[in-house]
Each structure stands twice: as C-alpha cells, then as structure tokens.
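The structure appears right after this line, and notes come after that.
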Amino acid sequence: MNAAYCHQPDPRDNHLLAALSGSEWEHWAPQFELIELPFRHVLCDSGSAPAHMVFPVTATVSLQYMTLDGGSAEFAVVGNDGAVGLSLFMGGNATLGQAVVHSAGQGYRLRAQAVKSEMFRASPLMRVLLNYTQTLIAQVAQTAMCNRYHTIEQQLCRRLLVGLDYSDSHDLRLTQELVANLLGVRREGVTAAALKLQLAGVIRYSRGLISVLDRIRLEKRACECYAVNRRSCGYREPEALAA
C-alpha cells in the first residue's frame, strides 16, 4: 500500500469482496492494491485488454460504448457493488466498451494474471464474479430498453437516482453535456428535461452541480427501469433527502 494515502478504505466495503469467506479473503488480500480513481480516468479502452480487475470502493465507473464519430452512450454503472474488467475471467482479452471513472474516489485492483489463473478453478471468487456478471447483463438489458422506449426526462431521473445510490450527498457533479453523453441524446433534450425538473422543485442545477431536492418525487418521475435495476443490483436503501 502507498503511504501517501491519508485514508485507506476497507476493501471489503466493496460488496463482491465482502461476500468472500474469511479464509478466502485472507488468500486474496495481499494481492490487492489500493488506487486512486480520478474523475474521467479511463480504466480500459474499448478493444484493449485490461491490465487489472478493479473493485471500486468509493468511486463510480461508467461503462460506455463509443461510436466511430465520437458519440457515446452509457450501458452500465459500476460502483462498490461490482468490478471492472470481467472479460479477464470470461476467456476474452478485449473489452467491449470503455470504462471511465464518473465519480472520483478509490478502489482496489487485482493483476490480470492473478484473475486468469483462477479461470479454471471453481474458487469462491470466481463464483462471486459469475453471479455479478449475470447482474451486470441484466443492467445492460434494462438500460437498452430504457434508452429505446422512455423519454429523456425519465432517463435523466433514472440516471440521477443511480448517481444518488452511489453517493453520500444529494449533490451530483454533472454537466448537461456529460449527462447527454451518458444517455446518448442531444444536449438540448437534457437541458429541457433538467429545466422542467427544476421548475417543478425536484432538482436545482447550477454550474455543473445538480442538487436533488426531492428524491421521492424524482422516483415518481422516473420510469420502472430504475426500480428493476435497483432490485437486481442490490443498491443500499437510501435515506430520504429533505427539500
């Protein structure tokens, strides 16, 4: 561990690592390395082989598909409930999308070779990762449905709620341009949806900071996709945020 870190979060604050038994965790613990995950840091580019599997603890990572002309859309979000780099243990060398840190924080990484060495052993860690993979696939499928059938306002509400689930604050550092890139829509559509929510007293937007004033009303304006993903991903129960 690097002595420069003034605070070292517990790696088992990550739900996947917390699911390991005491003896299994003792086996893996020495191989994990604490890392900083700064905002917009690219953990892995599309088509490249990850050098590590990363388990976020206080950071949030956005998984995105990129088009040839520079467009993008988010298909999943990974926080302390998951891991980035699942292709390492699934027999593939290249990732399908780009993994970008969306909310800065810390995490723990495990060398690619350590993960690959477990591929053909039915270890508890591999079983945990396989279960998580099923959860991630469900999130990807639900996001695809949401992007196809629901309004920009509903998608914005869903994404804000997901952000809150991984945050200890009701303030989210999101520019309208970033939200548009995550949803794969035009910025004008996000601007109109955000203005509507602000006029309704649900959020307050200023200088790249979105403050959620009324979570209950935000949930009512979101589509069913948020509730479905929340059940499948095991998000913690959030506390109601006062206006």
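Once backbone amide H atoms are built at 1.01 Å from N, residue 106 has 37, 57, 58, 59 as its partners under 5 Å, excluding neighbours fewer than 5 places away on the same chain. Karplus-derived 3J(HN,Hα) values for the range 160-165, using 6.51 cos²θ - 1.76 cosθ + 1.60 with θ = phi - 60°, are 5, 5, 4, x, 5, 4 Hz; glycine and proline are entered as x. Between residue 116 and residue 224, the FRET efficiency from the beta-carbon distance, with R0 = 41 Å, is close to 0.60. Take the chain and mark each of the trypsin sites (Lys or Arg not before Pro) that is in a DSSP loop with at most 15 other Cβ atoms within 10 Å; the longest unmarked stretch, sites excluded, is 41-120.
Between residue 34 and residue 66, the simple spin-label model (points 7 angstrom out along Cα→Cβ) gives 3.1 nm. Rounded to the nearest 500, the 222 nm mean residue ellipticity of the chain from helices alone is -11500 deg cm²/dmol, with -39,500 (n - 2.57) taken per DSSP H run of at least 4 residues. Here the accessible area is traced with a 1.4 Å probe on the protein chains. For the chain, carbon and sulfur cover 53 percent of it. Using a probe of 1.4 angstrom and keeping all protein chains present, the accessible surface of the chain works out to 50 square angstrom per residue. Once a ≥ b ≥ c are taken as the square roots of the eigenvalues of the Cα gyration tensor of the range 1-138, is the result rounded (a/c under 1.5), prolate (a/b larger than b/c) or oblate (a/b not larger than b/c)? Oblate, since a/c reaches 1.5 and b/c is not below a/b.
Peptides 57-63, 189-195 ranked from most to least packed, by the mean per-residue count of other Cβ atoms within 10 Å: 57-63, 189-195. Structural descriptor for the chain: relative contact order 19 percent, calculated from alpha carbon pairs under 8 angstrom and at least 6 residues apart. Extension gain, residue 232 to residue 42, is 65.8 nm, computed as 0.36 nm per intervening residue step minus the present C-alpha separation.
Compared with the dominant Cα axis of the chain, that is its longest principal axis, helix 224-233 is turned about 20°. Model label points for residue 211 and residue 123, set 7 angstrom from Cα along the Cα-to-Cβ axis, are 4.7 nm apart.
Relative to one another, the C-alpha centroids of the range 115-174 and the range 51-99 are positioned 10 Å apart.
The values are calculated or read from the model by the stated rules, or taken from the named source; none is laboratory data. What you are looking at is a predicted structure, and each value in this text was computed from that prediction instead of being measured. Note: ideal-geometry Cβ built from the backbone for every residue, glycine included; neighbour counts use all protein chains shown. In case anyone asks, the SASA skips ligands and DNA or RNA and just uses the protein heavy atoms, side chains included. Shrake-Rupley method; radii C 1.70, N 1.55, O 1.52, S 1.80 Å.
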